[in-house]
Each structure stands twice: as structure tokens, then as C-alpha cells.
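Q: Take a look at the following structure, please.
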Amino acid sequence: MNEASSGSRALVLFSGGQDSSVCLAWALARYGHVETVGFDYGQRHAVEMEQRSVVREALRSRFPQWSGRLGEDHVLDLRGFGDIGDTAMTQERAFEITEKGLPNTYVPGRNLVFLTYAAALADRRRAKFLVGGMCETDFSGYPDCRRDTLDALQSALNLGMAQDFVVETPLMRLTKAETWALAKQLGGEALVDLIVRDSHTCYRGTRGELHDWGHGCGECPACELREKGWDAWVASGRPELAP
């Protein structure tokens, strides 16, 4: 791994899920000072907001080499935005595909809004790097997860704020199996175990049973992706991600 620059500052979009937890570890391995930001948009799996602090404290206590780099956490209230989405992420409704061919878990423009708010915060926190867990390999087809979307937004943010932000997406080209492998590369089995036990991905907000791959209902799209990635990674021998 590259050594972190002592003067570099990053802001991680941190939901408390598998992907953002891996991204937080990735950022801690690279940057001298890392802060996190979470968004309360009325998501039905609000338990993820509770798990954020659990994951942060577990990283701080179990990985002393990163503890000094982990800075403040910020939570922004975006419930007004969540109210206009009319999706299965904010309402108790069945998971299904819409007439546009997208799952009804898609919240239109969510990542665009998140990154815009994150950039405004980063401007005040003197953070150049914005780190997000967006991925276009194993994902649900959300158009705001694509790298070309984020490249366009990065240009707009820099033009509109007279900044030189860099939107980092370390998982963009990785499968979910490779995301598990990256976790092992970053922090060994200790980080894998932390993500299994403490992170939360399930759209239904189910914590109950602890599966091999983590807590969740095992049936929603998020659980299916996480379990499929875990099974593929285990079947390949639980390797680290190849350099």
C-alpha cells in the first residue's frame, strides 16, 4: 500500500455499510487526516446510522496505526431530499423493478446530492479528496454510480467552488468478491471480521442473525449482492486483492 501523506486530508462518504467501511480503511491507509460524513435521508434501514459509530470505534481500537488519522465525524440531515424520492429505500414497500428498468431502491440523484453536500463540507474542512463507495461492476444499475457521472460532477464541483477536489472511488471496478479481498489486503482477517460483524448493508435494517457474510435479511438486493460476493471470495480461497 502507498504510504499516507502527512499533509493530505480526505472526507469519506460513510454510511456504515460494507463498501463505505472498506473505503474508510482504504482512506486511512493513504491519507494523513480522514474525516467521515453520513447522511440521514429517512432511509428505512436507519440502523446503518447507528453502526457508523460502531465501525469507526472498532477501526480506531483495532488498528492503532490508523487511529491517529481518524478525525471528526459529521452527520447531515437530508430528510427533505429523502421525502421526494418515493422509493423502497425510504418507504415500506416491496423491492421490485420500475418501468425504467431500475430497482425501486434507486433514489434519484442521491450520490449527486451526497457529493455536493460533502464537497461543501470538505471546503470548510480543507479536505481535497472525497472518497465514495460507488461501484459499476457488481451493482444495481444506479446511473449515479457510474464513473463518467462522477467525473462530470467532479468537474462541476471544482468549477462551482473554485477548488481542486478529487473524487476517489476505490471500488469502482471491483466485484463484491474483490471488495472482500481488498478488505483483507488492507487489514487482514481482523478487518474482514470487523466488516462482517459491525457493518450494515441490509435494506430492511435487519440485524438479527449473523450469517457468514454479516447481518441481514438475506433476501433484499443488498444482502443478495453481499452474500454472492462473499461466496465467490470464499470459493476462490479468500485471497487478498492482487496489486
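The values are calculated or read from the model by the stated rules, or taken from the named source; none is laboratory data. All figures in this text were calculated on a predicted structure; none of them were measured in a lab. FYI the Cβ positions are ideal-geometry reconstructions off the backbone, even for glycines, and counts take in every protein chain you see.
Q: Which residues, taken from region 52-69, are touching an Asp or Glu at 6+ places or on another chain (Cβ under 8 Å) and either within 20 Å of THR169 (Cα to Cα) or crowded, with 21+ Cβ neighbours inside 10 Å (or both)?
A: ARG52, VAL55, ARG56
Q: Out of LEU186, LEU153, LEU171, LEU191, which single residue is part of a helix (DSSP H, G or I), at pLDDT 95 or above, touching a helix residue (DSSP H, G or I) at 6+ places or on another chain (Cβ under 7 Å) and closer than 19 Å to ARG110 by Cα? Walk me through it before giving the result.
A: Details: LEU186 fails: closer than 19 Å to ARG110 by Cα; LEU171 fails: part of a helix (DSSP H, G or I); LEU191 fails: closer than 19 Å to ARG110 by Cα.
Answer to the check: LEU153.
Q: Consider VAL167 carefully, then state whether it is in contact with a Cys (Cβ under 7 Å, 6 or more places away or on another chain), of a type outside the set (Gly, Ala, Ser), touching a residue at least 24 places away in the same chain (Cβ under 8 Å) and crowded, with 18+ Cβ neighbours inside 10 Å.
A: Details: in contact with a Cys (Cβ under 7 Å, 6 or more places away or on another chain): no; of a type outside the set (Gly, Ala, Ser): yes; touching a residue at least 24 places away in the same chain (Cβ under 8 Å): yes; crowded, with 18+ Cβ neighbours inside 10 Å: yes.
So VAL167 does not fit the description; no.
Q: Does ARG173 qualify as being free of Cβ contacts under 8 Å to residues at least 24 places away in the same chain, surrounded by fewer than 18 Cβ atoms within 10 Å (Cβ to Cβ) and within 17 Å of the chain's Cα centre (by Cα)? Let's see the steps before the verdict.
A: Details: free of Cβ contacts under 8 Å to residues at least 24 places away in the same chain: no; surrounded by fewer than 18 Cβ atoms within 10 Å (Cβ to Cβ): yes; within 17 Å of the chain's Cα centre (by Cα): yes.
No, not satisfied.
Q: Cβ contacts < 7 Å: first residue at positive phi, restricted to region 190-212; second residue in a helix (DSSP H, G or I), any location; separation 6+ or different chain. Result?
A: GLY205/VAL47
Q: Further, regarding this structure: So in region 212-235, with the set limited to residues that are in contact with a helix residue (DSSP H, G or I) (Cβ under 7 Å, 6 or more places away or on another chain) and of a type outside the set (A, V, I, L, M, F, W, C), which one is surrounded by the fewest Cβ atoms within 10 Å (Cβ to Cβ)?
A: The first filter runs over region 212-235 and keeps only residues in contact with a helix residue (DSSP H, G or I) (Cβ under 7 Å, 6 or more places away or on another chain), leaving 212-214, 216-218, 225-226, 228-230, 232-233.
Right, trim to of a type outside the set (A, V, I, L, M, F, W, C) and you get 212, 214, 216, 218, 226, 228-229.
Details: ASP212: 9, GLY214: 22, GLY216: 25, GLY218: 16, ARG226: 29, LYS228: 15, GLY229: 21.
The extreme case among them is ASP212.
Q: May I pose another question? Which of the residues that make up region 11-51 are assigned to a loop (DSSP other than H, G, I, E, B), surrounded by fewer than 24 Cβ atoms within 10 Å (Cβ to Cβ), of a type in the set (A, V, I, L, M, F, W, C) and in contact with a helix residue (DSSP H, G or I) (Cβ under 8 Å, 6 or more places away or on another chain)?
A: Once the filter is applied, which keeps residues that are assigned to a loop (DSSP other than H, G, I, E, B), surrounded by fewer than 24 Cβ atoms within 10 Å (Cβ to Cβ), of a type in the set (A, V, I, L, M, F, W, C) and in contact with a helix residue (DSSP H, G or I) (Cβ under 8 Å, 6 or more places away or on another chain), region 11-51 yields only ALA29.
Q: Related question: Hey, among the residues in region 110-163 that are at positive phi and more than 17 Å from the chain's Cα centre (by Cα), which one's surrounded by the fewest Cβ atoms within 10 Å (Cβ to Cβ)?
A: Step one: list which residues in region 110-163 are at positive phi, which gives 126, 141, 162.
Those still in the list that are more than 17 Å from the chain's Cα centre (by Cα) too: 126, 162.
Working: ARG126: 9, ALA162: 7.
The qualifying residue surrounded by the fewest Cβ atoms within 10 Å (Cβ to Cβ) is ALA162.
Q: Just to be sure before I move on: is LEU225 touching a Leu at 6+ places or on another chain (Cβ under 6 Å), within 17 Å of ALA177 (Cα to Cα) and either touching a residue at least 40 places away in the same chain (Cβ under 8 Å) or not in a loop (DSSP other than H, G, I, E, B) (or both) in the structure I sent? Write out each step before concluding.
A: On the way: touching a Leu at 6+ places or on another chain (Cβ under 6 Å): no; within 17 Å of ALA177 (Cα to Cα): yes; either touching a residue at least 40 places away in the same chain (Cβ under 8 Å) or not in a loop (DSSP other than H, G, I, E, B) (or both): yes.
Judged against the criteria, LEU225 is not a match.
Q: Can you work out which of the residues in region 194-220 that are closer than 16 Å to SER21 by Cα and β-branched (Val, Ile, Thr) is modelled with the lowest pLDDT?
A: Among those residues, the one meeting the criterion is THR201.
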